[in-house]
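First up is the structure itself, then whatever we jot down about it.
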Amino acid sequence: MPIRPQQSSGEQTLRWAERRALVGGRIREIRLEQGLSQEALALESGLSRTMIIGIEWGRKSVAYERLWDIAAVLDCDVTELFVPAQSRPSVTPYRGGSRAMSKSDDR
């Protein structure tokens, strides 16, 4: 049983990434349905906004205890966070400077 990420197989790493994306996508979906901002979810759950962003995009792992904190803020049962999201995110996150500028941005 690997104890460090670098000790896990590529297959295991992919499974973990899929699970993070599933839970993060569902958190994002529920948050958006409720009209809650990432900042509000972060403040009420005790996590940073950066952490919420990382969780929602499947880039950050979260301690399972924190899932209960997030579920409480979203007013749902923690098991709802493990149901696949109905929709995929429609936009990709902005990474400062990597977005092409349009002609209107030149002004």
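Select from the range 61-77 the residues that are under 12 Å from the mean Cα position of the chain (by Cα) and modelled with pLDDT under 95 and write down the one among them that is surrounded by the most Cβ atoms within 10 Å (Cβ to Cβ).
Kept after step one, since they are under 12 Å from the mean Cα position of the chain (by Cα), are these residues of the range 61-77: 61-62, 67, 70.
Then keep just the ones that are modelled with pLDDT under 95; that gives 61-62.
Details: SER61: 15, VAL62: 19.
Looking at residues that are under 12 Å from the mean Cα position of the chain (by Cα) and modelled with pLDDT under 95, I get VAL62.
Are any residues in the range 11-53 touching a Lys or Arg at 6+ places or on another chain (Cβ under 7 Å) and either more than 22 Å from PRO84 (Cα to Cα) or among the aliphatic types (A, V, I, L, M) (or both), and if so, which ones?
Passing the criteria: GLU39, LEU41, ALA42, LEU47, MET51.
Which numbered condition in (1) in a helix (DSSP H, G or I); (2) modelled with pLDDT of 95 or more is the only one that ASP105 fails?
It fails just one condition, (2).
Considering only the range 19-48, state which residues are without any contact (Cβ under 8 Å) to a residue 40 or more places away in the chain, assigned to a helix (DSSP H, G or I) and not hydrophobic (A, V, I, L, M, F, W, C). Write out each step before concluding.
Applying the first criterion (without any contact (Cβ under 8 Å) to a residue 40 or more places away in the chain) to the range 19-48 yields 19, 21, 24, 32-33, 35-48.
Next, from what is left, pick out any that are assigned to a helix (DSSP H, G or I): 19, 21, 24, 32-33, 38-45.
Selection gives ARG19, GLY24, GLU33, GLN38, GLU39, GLU44, SER45.
The values are calculated or read from the model by the stated rules, or taken from the named source; none is laboratory data. Since we're looking at a predicted model, the values are computed, not measured. We place every Cβ from the backbone using ideal geometry, glycine too, and count neighbours over all the protein chains shown.
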